[in-house]
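I have a structure here, written as structure tokens, and I will follow up with some questions on it.
A short reminder: the numbers here are calculations on the coordinates, not readings from a lab. Being a predicted model, the structure only gives us computed values, none of them experimental. So basically every Cβ, Gly included, is an ideal-geometry build from the backbone, and we count neighbours across all protein chains shown.
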Amino acid sequence: MKKSRFHGYLPVEERELDWGLYVTVAGFNCVRPSETFPPSGHPLAYQFNPTIGRLLPEYQLIFISKGQGTFSSEEIGTVTLSEGTAFLLFPGVWHSYHPDPHTGWEDYWIGFNGSYVYELCRHHVLSAESPIYHPPQRERLMECFENILESIRKEPTRNSLLYSASALEILALTLDQRPEMKEEQIGKEKIVDEAVQMIWGWSYRFLSVTDIVRRLGVPRRSLERYFREIRGTTILEEIIHCRLNRACRLLEHTRIPIGQIAMMAGFSSTQQMRRNFRDNYDKTPEQFRKNVESLE
């Protein structure tokens with residue numbers, strides 16, 4: 001049975017710092033209407049007055065599973081939070097948040113840090129200017145939170161790489177902004193996924209669009225339409241993209257001769273690979289390899 005309130009602050013030793021992403025804390029709150037917020041019992045560095053706000057030394061992700069409230073930060077001002085909303089707190093960025101006193105809220109939260117998260121920020125995957133998310137897979141997200149909380153309940157003084165993996169899954173589910181699909185769209189996605197798996201798994205052999213259509217048992221016109229709707233490409237373009245991707249990696253990381261690479265990548269001939277390289281990269285495979293070597 002879920003408790004109305006639980007949190008666990010984890011020890012972080014030198015080895016955890018090398019993981020790239022390590023968990024510092026996780027918890028669950030059930031704040032009833034008009035109940036005092038935030039609840040007591042947290043270390044001084046994590047306590048705050050919603051009127052004053054605070055700064056944190058780490059990242060924290062909060063997911064509102066029930067109720068509503070408000071969130072404020074120096075980057076975006078004040079916004080309303082509805083049920084199913086998640087928001088990310090950034091180290092050194094002023095913020096404040098609290099539930100609506102009329103509804104209260106239930107929230108899951110996890111704190112983490114590490115070089116991997118820094119890289120996500122550096123590449124603008126995470127940004128303090130866009131800290132609000134609406135995860136579509138809410139049940140799965142809550143299950144992930146419940147799993148890590150149950151583990152912490154059992155071993156409250158032990159950090160683990162499994163917690164890091166759970167935090168990464170929680171982050172991925174939060175960042176996944178694909179809308180929920182209708183059953184018809186799910187069916188199209190499944191067919192296209194099967195075709196893509198076939199292309200990336202078998203395109204090193206002779207593989208034509210006709211082969212894929214025959215194996216899937218879907219009319220060619222329908223499959224082409226699904227590809228354009230879901231991936232924005234044709235089936236043939238996907239096959240060529242796969243073979244070019246494989247050829248580029250072989251050119252970049254090996255000294256295998258060009259002719260042999262053409263065969264390994266699935267092209268029918270060296271001439272066909274050269275033609276596709278010129279059409280897509282405006283250079284020959286030899287020029288591509290030379291450019292890579294000049295950058296090393």
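Among the residues that make up the stretch 28-38, is at least one of them touching a Phe, Trp or Tyr at 6+ places or on another chain (Cβ under 6 Å) and under 19 Å from VAL12 (Cβ atoms)?
Among the residues of the stretch 28-38, not one is touching a Phe, Trp or Tyr at 6+ places or on another chain (Cβ under 6 Å) and under 19 Å from VAL12 (Cβ atoms), which makes the answer no.
Table: residues versus (1) under 29 Å from the mean Cα position of the chain (by Cα); (2) touching a residue at least 40 places away in the same chain (Cβ under 8 Å).
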{"residue": "GLU13", "(1), (2)": "yes, yes"}
{"residue": "ALA45", "(1), (2)": "yes, no"}
{"residue": "THR51", "(1), (2)": "no, yes"}
{"residue": "GLU58", "(1), (2)": "yes, yes"}
{"residue": "SER72", "(1), (2)": "yes, no"}
{"residue": "GLU75", "(1), (2)": "yes, yes"}
{"residue": "PHE90", "(1), (2)": "yes, yes"}
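Please enumerate the residues belonging to the stretch 237-293 that are among the basic types (Lys, Arg) and touching a helix residue (DSSP H, G or I) at 6+ places or on another chain (Cβ under 8 Å).
ARG243, ARG246, ARG274, LYS283, ARG289
Give just the number: which of (1) closer than 14 Å to ALA172 by Cα; (2) assigned to a loop (DSSP other than H, G, I, E, B) does GLY92 not satisfy?
It is condition (1) that GLY92 fails.
Could I ask something else about it? Scan (1) more than 30 Å from PRO135 (Cα to Cα); (2) within 31 Å of the chain's Cα centre (by Cα) for the single condition ALA195 breaks and write down its number.
(1)
Of all residues in the stretch 198-240 being charged (D, E, K, R) and not in a helix (DSSP H, G or I), which is surrounded by the most Cβ atoms within 10 Å (Cβ to Cβ)?
ARG231
Further question: Can you tell me which residue within the stretch 21-45, out of those that are within 18 Å of PRO57 (Cα to Cα) and of a type outside the set (A, V, I, L, M, F, W, C), is surrounded by the fewest Cβ atoms within 10 Å (Cβ to Cβ)?
Among them, the one singled out is PRO43.
Something else: Considering only residues of the stretch 100-146 that are of a type in the set (Asp, Glu) and in a helix (DSSP H, G or I), which is surrounded by the fewest Cβ atoms within 10 Å (Cβ to Cβ)?
GLU139
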